[in-house]
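None of the figures in this text is laboratory data; all of them are computed from the coordinates on show. Bear in mind the structure is a predicted one, so any value in this text is a computation, not a measurement. Here the Cβ is made from the backbone with ideal geometry for all residues, glycine too, and neighbour counts use every protein chain on show.
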Amino acid sequence: MRELDLLGRALSSGGAALARAARLSVSGGQIVGAIPEARAYLVFGEAQAHALGRSLPAAVLHQAQIVLADEPAQVLSRADAKRRLWSALRSVRRVLASTGS
């Protein structure tokens, strides 16, 4: 539960565009549900990154920026993971700002 709270607060701190962003879940190495097309995807951990890469059409994958952050449990316990999350959020905000999203 602390992990979800952390993610919610982190995304909200990135402004309205990030706060309203779709959330996807991974189960058994696969994305659960439909994946919205986006200019940037913020993924938490390599398992999510691999699942997203396997699920996105090649054309979407080629145009989108995939920004990797540490898994939420690591962000809660490690200062370097927190710094990487804030850096990842800045990267996603820049992409959204450059596309007018």
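Below 8 Å, C-alpha to C-alpha, sequence gap of six or more: please give me the relative contact order for the stretch 2-99 in percent.
Reported as a whole number, the value is 29 percent.
Tell me the GluC sites (Glu not before Pro) within the stretch 1-51 that lie in a loop according to DSSP and have at most 14 other beta-carbon atoms within 10 Å. Kindly include the intermediate steps, with their values, before the conclusion.
On the way: sites: 3, 37, 46; in loops: 37.
For GluC sites (Glu not before Pro) across the stretch 1-51 that sit outside H, G, I, E and B with at most 14 neighbouring Cβ atoms in 10 Å, the list reads 37.
Count the net charge of all other residues whose Cβ sits under 13 Å from the Cβ of residue 12, scoring Lys and Arg as +1 and Asp and Glu as -1. Mind showing how you got there, number by number?
Numbers: positive: 9, 20, 23, 93; negative: 5.
That sum, taken over residues with Cβ under 13 Å, equals +3.
Multiply the residue gap between residue 39 and residue 23 by 0.36 nm, knock off their C-alpha separation, and tell me the result in nm, one decimal place.
On the way: separation 16, 0.36 × 16 = 5.76 nm, distance 1.45 nm.
Net length gain for the segment: 4.3 nm.
Full-extension gain between residue 31 and residue 66, please, as 0.36 nm times their residue separation minus the C-alpha to C-alpha distance.
Extra length available between residue 31 and residue 66 comes to 11.1 nm.
For a quick check of your reading of the filter: which trypsin sites (Lys or Arg not before Pro) in the stretch 1-65 sit in a DSSP loop and have no more than 11 other Cβ atoms within 10 Å?
Of the trypsin sites (Lys or Arg not before Pro), the ones in loops of the stretch 1-65 whose Cβ has at most 11 other Cβ atoms within 10 Å are 20, 23.
Just to be sure I understand: with springs between alpha-carbon atoms less than 10 Å apart, which residue in 45, 53, 33 has the highest mean-square fluctuation in the Gaussian network model of the chain?
Highest fluctuation of the listed residues: 33.
Please compute the modelled spin-label separation between residue 86 and residue 98, points set 7 Å along Cα→Cβ, answer in nm with one decimal.
2.2
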